Amino acid sequence: MENFIVSARKYRPATFDTVVGQASITTTLKNAIKNNHLAQAFLFCGPRGVGKTTCARILAKTINCENISDKVEACDQCESCKSFSTSQSFNIYELDAASNNSVDDIRNLVEQVRFAPHLGKYKIYIIDEVHMLSTQAFNAFLKTLEEPPAYAIFILATTEKQKIIPTILSRCQIFDFNRIRVDDIASHLGMIAEKENVVADPEAMHIIAQKADGALRDALSMFDQIVSYAGSEVTYKHAIENLNILDYDYYFKVTDKLLEGNFSETLLIFDQILKNGFDGHNFINGLSQHFRDLLVSLDGATVALMEVSQGTKDRYLQQAGVCSANYLLSMMDIVNLCDVQYKSARNQRLHVELTLLKLCSLVTRAGETPAPQPAAALPQRPAAATPAPARAQPPIASDAPAAVAATAPAALKAEAPAATKVEEPLPPKPAPAKASAPATVKSPTLSINDFLGEDAKPTADTEGTPAKKKLRLTNDYTTEQFEKAWKEIADHYRNAGRMNLYAALTKRSPVVVEGHKYLLYVDNLVMMTEVREARADFIEDLRAKLGHSDVQLDMEQVVADSSDTDNRLYTTTDKYKRMVEKNPVLQDLKKQLDLEIDF
């Protein structure tokens, strides 16, 4: 029985022209060989299965070939090519850095570099998974990588370039390998299927290519798996069954039911998906991708963004004809929210079902979505039912006391409009040079102004500016009334426990500066702070008691005179001196114990 060789090894590219999906890199390498511009070190980086190690082997084989063709390809006939094909070449060394990542392994490699090639012009060292080397091994490799012998070339390959130290990166020519396109993988799989005498459905090849996520090696492994399952004929059904992929038909059916707003059928299709063993999260992700493909199908310029077969693309174009861009964007937003919250949901099935019900609710009837109306297009009330805004007044409630309604101002009653009055909207007028103040709409409630005298009511100036809202009192008062009010407020602060403030207000009498402006002298900063904190409330209370709004109070700190010595605040030094005067022994105690006064 002949040994089976997996397709990834059997059909591994042997020349630059057979490398799939990396045309820019292979062209650069061929030109470097042709013009003899080979670097001393190359770094091939990219995701798995995109041809890094394959290109390294092809490069090593080609630069040592004795008869390079005009297309810069190895001849496969010379001794160097034959020894490479049979893995017996002494000039090409492959090292797996994942298992040889120590300093000793790198030292052994450096020792080999000292010897000239046995056959050919170059000795090539291919180090795979180079990011697995330890920091010490990288440092031991630096000098050799920077100044190798003329016959030594290093080819490093890695899937994680960010883990390589910058000093290594700066010594290499870096080639970034791209993920292979779905169409390229699908066509390559079709070619291999033809060589293997396998009848392959193009839809199945596209499904495999999409599942591979840009890795050709993964695609070839899946192809071998499906061929083992299906035999010599691979169909689309075989592919989705073996790879556990949801069929496109499910997404098209679900979308059709969503467009119809059919709640029950949508939930039944989802139940069938779950019974077939598929995960709800995968379904949501696939549905989001389906909506995305429908969205790009709306524009002929973006149809090429869909990585599906032509038959599936036609179905997308047909279904996209009954969808709008706004509707698809709303659906994608809802599905994306479900995807984000799926893992944290307690009942994940219910979470997906609620999402499907939300999607159904976006549609009012088959194939049509409710168009959002701008504010100007919303229905308006009839003009007859709505009075003019400038004169609209809420009437006094019918259940309000009769006494309140009777005491309402006459002007208020006169301004209340009749319910049946209709005013035609006036055309907008140009703004005057100086805008007048807007008319004040009176409220149907009682105001304190109704009970005040004419002198106490707010007035408007001649320019038509609005009247001051603050109440202005101008009652006359005598000196006795002022002193009485001052004492009452000071006593209030004493009863409240604010003794420092009480002392500041009563120790010195305020002095009249001019008019109704007074000045209060305080002895120290403590009193000044107390009065400043209570100043606003104090002045307000004083104005209220005197009935005058122009009363003002300023403060000024003065030094207490000698007559007030007994009442002033003592410092720590003053207290100590006073104690020494009464008891001189305290001074001796201070000297004996070497004490200091805490100033």
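The values are calculated or read from the model by the stated rules, or taken from the named source; none is laboratory data. Note that this is a predicted model, so its numbers are computed, not measured. FYI the Cβ positions are ideal-geometry reconstructions off the backbone, even for glycines, and counts take in every protein chain you see. These area figures cover heavy atoms from the full protein model, side chains too; ligands, DNA and RNA do not enter into them. Shrake-Rupley method; radii C 1.70, N 1.55, O 1.52, S 1.80 Å.
I'd like to know if region 12-19 contains one or more residues that are in contact (Cβ under 8 Å) with a residue 40 or more places away in the chain, part of a helix (DSSP H, G or I), under 18 Å from Ser187 (Cα atoms) and open to solvent by less than 30 Å² (accessible area, probe 1.4 Å).
yes
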Practice prompt. Go through (1) open to solvent by less than 50 Å² (accessible area, probe 1.4 Å); (2) under 30 Å from Asp213 (Cα atoms) one by one and return the number of the condition Phe84 breaks.
Written response: (2)
Worksheet item: From the set of residues in region 105-132 that are open to solvent by 10 Å² or more (accessible area, probe 1.4 Å) and of a type in the set (A, V, I, L, M, F, W, C), which is nearest to Lys52 (Cα to Cα)?
Response: Met132
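Taking the stated definitions as given, is Thr54 modelled with pLDDT of 90 or more, of a type in the set (Val, Ile, Thr), exposed (fewer than 14 other Cβ atoms within 10 Å of the Cβ) and part of a helix (DSSP H, G or I)?
no
Yes/no per residue for (1) surrounded by 10 or more Cβ atoms within 10 Å (Cβ to Cβ); (2) at pLDDT below 80:
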site: Met555; (1), (2): yes, yes
site: Val558; (1), (2): yes, yes
site: Leu569; (1), (2): yes, yes
site: Thr573; (1), (2): yes, yes
site: Met579; (1), (2): yes, no
site: Val585; (1), (2): no, no
site: Leu589; (1), (2): yes, no
site: Leu593; (1), (2): no, no
site: Phe599; (1), (2): no, yes
Worksheet item: Restricting attention to region 328-355, and to residues there that are under 23 Å from the mean Cα position of the chain (by Cα) and among the charged types (D, E, K, R), which single residue is farthest from Phe283 (Cα to Cα)?
Response: Asp333
Worksheet entry | Qualifying positions in region 229-257 - in contact with a helix residue (DSSP H, G or I) (Cβ under 9 Å, 6 or more places away or on another chain), under 30 Å from Glu194 (Cβ atoms) and open to solvent by 70 Å² or more (accessible area, probe 1.4 Å) | Tyr229, Lys237, Glu241, Asn244
Worksheet item: If we scan region 146-162, do we find a residue that is part of a helix (DSSP H, G or I), more than 42 Å from the chain's Cα centre (by Cα) and either surrounded by 14 or more Cβ atoms within 10 Å (Cβ to Cβ) or not hydroxyl-bearing (Ser, Thr, Tyr) (or both)?
Response: yes
Fill in: Subset of region 149-164 [small (Gly, Ala, Ser) and out of contact with any Ser or Thr (no Cβ under 7 Å at 6 or more places or on another chain)]
Ala150, Ala152
Worksheet item: Looking at (1) under 18 Å from Leu43 (Cα atoms); (2) at pLDDT below 90; (3) part of a helix (DSSP H, G or I), can you tell me which one Lys211 breaks?
Response: (1)
Worksheet item: What is the one condition in (1) open to solvent by less than 20 Å² (accessible area, probe 1.4 Å); (2) in contact (Cβ under 8 Å) with a residue 60 or more places away in the chain; (3) of a type in the set (Asp, Glu) that Glu260 does not satisfy?
Response: (1)
Discussion item. If I ask for residues that are outside any loop (DSSP other than H, G, I, E, B) and either of a type in the set (S, T, N, Q) or crowded, with 18+ Cβ neighbours inside 10 Å (or both), which ones from region 316-333 would you list?
Written reply: Tyr316, Gln318, Gln319, Ala320, Asn326, Tyr327, Leu328, Ser330, Met331, Met332
Fill in: Conditions (1) under 27 Å from Ala186 (Cβ atoms); (2) of a type in the set (S, T, N, Q); (3) free of Cβ contacts under 8 Å to residues at least 24 places away in the same chain; number of the one not met by Ser309
(3)
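Quick grid of which residues meet (1) crowded, with 16+ Cβ neighbours inside 10 Å; (2) acidic (Asp, Glu):
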residue	(1), (2)
Gln272	no, no
Asn276	no, no
Gly286	yes, no
Leu295	yes, no
Asp299	no, yes
Thr302	no, no
Leu305	no, no
Gln310	no, no
Worksheet item: Would region 80-94 turn up any residue that is assigned to a helix (DSSP H, G or I), β-branched (Val, Ile, Thr), under 23 Å from Arg9 (Cα atoms) and modelled with pLDDT of 85 or more?
Response: no
Discussion item. Tell me yes or no: at least one residue of region 22-34 is farther than 30 Å from Lys143 by Cβ, β-branched (Val, Ile, Thr) and assigned to a loop (DSSP other than H, G, I, E, B).
Written reply: no
